[in-house]
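Trainee: Dropping a structure here in structure tokens format, bear with me for questions.
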Amino acid sequence: MRKLLLSILVVLMVFRAGAQCHLSFSGIVWDADTGQPLADALVRIPQLNLTKKTDSSGRFKILGICPGNYDVVISHVSCKPVQEHLHIEKDIEHNFKLDHAAAVLNDVTVTGYNTVAKKTSFSAEIKGKELDAVKGLSLGESLTRLTGVTTLQTGTNIYKPVIHGLHSNRVLILNNGIRQEGQQWGSEHAPEIDPYVANRLTVIKGASSLRYGADAIGGVVLVEPKLLPVISGTRGELNLAAFSNNRMGVLSGMLEGVNLHRKPFAWRVQGTLRRGGNAATPEYSLANSGLSEANMSATAGWKKETKGWEVFYSLFNTKLGIFSGAHIGNVTDLMNAIAQKEPPDYIRNVGFTYKIDRPYQEVMHHLLKWKSYWQTGETGRLNLIAAAQVNNRQEYDVKRFQSSSDAPGLDLTISTVSADLLWDHYQQKGFRGTIGINSAYQANRYSFRLFIPNYDALNLGAFIIEKIGTGKLQGEFGARYDHRSITNISSNTGRVYTNRTYSSFSGNAGLQYQLHQYVQLSLGIASAWRAPQVNELYSDGLHHGSARIEKGNDQLNPERANSVMAGLHLHLDKFNLELETYHKQIDGFIYLYPVFPPELTIRGAFPTFRYGQTNTRMQGVDVNASWKINAHIQWQVKGSVLRAWDKTNRDWMIMMPSDRYETSLEYRFSDAGKIREPYVKLHVQHVLHQSRFPGTGNIPVLKPDGSTVMESDYIAPPPAYTLAGAEAGLGLQRKQHTIQFILSATNMLNVAYREYLNTFRYFSDDMGRNISLRVRIPFNVKNTPS
């Protein structure tokens, strides 16, 4: 009897277990760079020893799965593998996106940079859902999600990326592989790039690459669009975003396709509209801080294995209001406004409007790119890249008199043509790399008020980058020579300028050692130089957007940066750590600093700034750690610390980012019905008071007790602040596509604060609470593979 009962129990257990192992796991694997379904990808569950290959439409389905927690590994011969942890308790559908491997990207758009990033690992990127969560923001704002990246801010509309305390001409921005050439020297000249063009944003820290020039001693920002589609059909994507603070709405659409009968020809068109009104601090509105923007781009390409071409055109067009409280009529009112730390009542009480009055800026940027490539037998690939850019900036001052002209106060147009010839050679005797030459010619012209003179500039460069890998040890080295000349410098004031010619060598080297399966060490050294720009040499007048008078210095010499970076990268199943440290010595560092007195012009009274040069030492640490507490909860901590020391004057450098720390806690729910990957996330950022700035200067500042002390700035760095935020998102499955929703809030507790790197901290607080909703809707038009 006992044996009979035991047999029945065993049979029941087997039957029950068998009955539970009937679950299915299905989905689609997508190419993250092209947005196309990925055929022949392998979906593997190691615990069950189950593997399935995706079909021509990227679909897979695995049957006979028991309830439980599993690691799922997705791989493809041309892509980086992805591993996710899934909790399966019923039939589920789950889609995956795979990024192309660096070698594949190199052949298409960003030769050299990604490879450098992977070799030295001093890089970070925003893509996928993280990129979806910042859509609608400017490029500079989007990049602040990355450790070690802050922004140089002018009000609530203008953000420039700052990498390890360096910005503007020291941070190179590549738009679809082309060096962005606008009026990037200005602290309030934001990159003229529509972030909706990007499928991935990458920041390479430090002078890690010589591919596009030696002057990017702060780093490189890559704005990388999707690769053109390769599968027949027409499809698109619609992005919507709304923001509560300035009541901004964003509409962006993309359509792309491949003609079945004209392969391998592919195309894409894209456009974005943004419009926002006055932003608001927790206490008052920021008068005249609205914006409007209309951008578009178009791409077409014909590509075969042995040859191909691609043409890309983009137009960026924006109108930006300048906060009225920054343009003040006389010196006394200016000093009072700075001392009171609040805008006057007639500015505070303006309220909300979409209308943009003077002062404002209008900026238009055209970019046309042509790229061709030819396979050079079994040895490599030859690439020819040509581009033309025209950037026009018009700045409209406040009209002080009824009789004042309606024309802009300043009209700047810079035109750039460039051509690069590159040869990527494949691995030969252990070496692979790129040899190339760069050339660019610029003409800058101005109308109306003088700020920087007319000039022509010629840039020539030649470089070689080689990589070698032997098992656990990977290495890279590069050398570059650059020549820059500035000629035909003239202005309508009769002032005489001197033509300039500069040339020098740069070099770098990097090593990466795989110490253990989970531990990687990186080391990079670089020596790079940068010639002074025309604005640093000859600017003289009102810098409109930043509301200050800037004075150039024609005695400036080129600066030389010698740097060392080291990194520890630990990647375990549940714990990841990225720890990077850097040390830079910059001889002849060119910087802008405030001087006394402010200057009264017919356009108003403004603080005065002057360009100077000194020797600096910059040291810092970036850390990013995450811990998967369980299958649903992840905790992340990030921090950046920078110390910038003026070696010549034996004091701290002015206008350097404060230390900042951030933590977030994320909970990911299980899929339910058509709901995919729902999550909620809370995050807190704490920014310290910048106590490391020059202790004294030539600016008399009146203290509350009536005494006057000599300071290095018109106002002391603001206090520390803490901002809390939240984010929630989910996907709604609809046939082959998933509609993505993201709801987020920044400065959730509506804290009044001022950021040290915000030029307008003299006049107002930063933006208050801002709640946003983003929706991404992919769709098919025709000829979509089943």
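Trainee: Can you list the lysines whose alpha carbon sits under 17 Å from that of Lys584, skipping same-chain ones fewer than 8 residues off?
Mentor: Lys205, Lys647
Trainee: For Ile328, list long-range residues whose amide hydrogen, built 1.01 Å from N in the peptide plane, is under 5 Å from its own amide hydrogen.
Mentor: Ala605
Trainee: Taking a 1.4 Å probe, which of Asp651, Asp40 shows the most accessible area, and what order do the others take after it?
Mentor: Largest accessible area first, the residues go Asp40, Asp651.
Trainee: Rounded to two decimal places and with Rh computed the Kirkwood way over Cα pairs, what is Rg over Rh for segment 489-643?
Mentor: Computed over Cα atoms, the ratio is 1.16.
Trainee: For the chain, compute the orientation-averaged projected area of the C-alpha convex hull (one quarter of its surface), in nm².
Mentor: 38.0 nm²
Trainee: Further question on the same structure: Round to the nearest 10 and give me the degree value, 0 to 90, for the angle of helix 2-20's Cα axis relative to the longest principal axis of the chain.
Mentor: 40 degrees
Trainee: Still on this model: Sort Asp573, Asp71 by accessible area with a 1.4 Å probe, largest first. Could the numbers behind the result be given before it?
Mentor: Details: Asp573 115, Asp71 45 Å².
Accessible-area ranking of Asp573, Asp71, largest first: Asp573, Asp71.
Trainee: Follow-up. I need the phi-derived Karplus couplings for segment 503-515: 6.51 cos²θ - 1.76 cosθ + 1.60, θ = phi - 60°, integer Hz, Gly and Pro marked x.
Mentor: In residue order, the calculated couplings are 7, 5, 9, 9, x, 8, 8, x, 10, 9, 10, 8, 5 Hz.
Trainee: Follow-up. At 1.4 Å probe size, with every protein chain present, just tell me what the per residue accessible area of the chain comes to in Å².
Mentor: In whole numbers, the chain has 42 Å² accessible per residue.
Trainee: Unpartnered cysteines of the chain (Cβ-Cβ under 4.7 Å counts as a partner)?
Mentor: Cys79 - these cysteines have no disulfide-compatible partner (Cβ-Cβ under 4.7 Å) in the chain.
Trainee: Cα to Cα, under 18 Å, and not fewer than 8 places away if on the same chain: which lysines meet these conditions relative to Lys355?
Mentor: Partners found: Lys319, Lys399.
Trainee: What lysines sit close enough to Lys472 to cross-link, taking a C-alpha to C-alpha distance under 16 Å and skipping anything fewer than 8 places away on the same chain?
Mentor: In chain and number order, the partners are Lys118, Lys119.
Trainee: To continue, here is another question. What accessible area, in Å² to the nearest ten, does a 1.4 Å probe give for Val73?
Mentor: Looks like 20 Å² after rounding.
Trainee: Please work out how much accessible surface Ser404 shows to a 1.4 Å probe, ignoring ligands, DNA and RNA, in Å² rounded to 10.
Mentor: Its accessible surface works out to 40 Å², give or take rounding.
Trainee: Let me ask something else about it. Can you tell me how segment 128-207 classifies by the Cα gyration tensor, rounded, prolate or oblate, using a/c under 1.5 as the rounded cut?
Mentor: Cα axes put segment 128-207 in the rounded bin.
Trainee: Follow-up. Identify the trypsin sites (Lys or Arg not before Pro) of segment 465-517 meeting these criteria: DSSP loop state and at most 16 other C-beta atoms within 10 Å of the C-beta.
Mentor: Taking segment 465-517 and a limit of 16 other Cβ atoms within 10 Å, the loop trypsin sites (Lys or Arg not before Pro) found are Lys472, Arg495.
Trainee: Same structure again: Mind ranking 745-755, 277-287 by how tightly packed they are, going by the mean number of other C-beta atoms within 10 angstrom, highest first?
Mentor: Put in order of decreasing packing, that is 277-287, 745-755.
Trainee: Once phi is turned into ³J(HN,Hα) by the Karplus curve 6.51 cos²θ - 1.76 cosθ + 1.60 with θ = phi - 60°, what whole-Hz value does each residue of segment 726-736 show in order, with x for glycine and proline?
Mentor: 8, 8, 9, x, 7, x, 10, 5, 9, 6, 7
Trainee: Let me ask you something else. Would you mind telling me the share, in percent, of accessible area of segment 633-719 contributed by carbon and sulfur at probe 1.4 angstrom?
Mentor: Result for segment 633-719: 62 percent of the exposed heavy-atom area is carbon or sulfur.
Trainee: At 1.4 Å probe size, what's the solvent-accessible area of Cys66? Round to the nearest 10 Å².
Mentor: Spelled out: Cys66, probe radius 1.4 Å, area about 40 Å².
The values are calculated or read from the model by the stated rules, or taken from the named source; none is laboratory data. Note that the structure is a prediction, hence the values are computed from the model and not measured. All Cβ positions, even for glycine, are placed from backbone atoms using ideal geometry, and neighbour counts span all protein chains on display. Heavy atoms of the whole protein, side chains included, go into the accessibility calculation; ligands, DNA and RNA do not. Shrake-Rupley method; radii C 1.70, N 1.55, O 1.52, S 1.80 Å.
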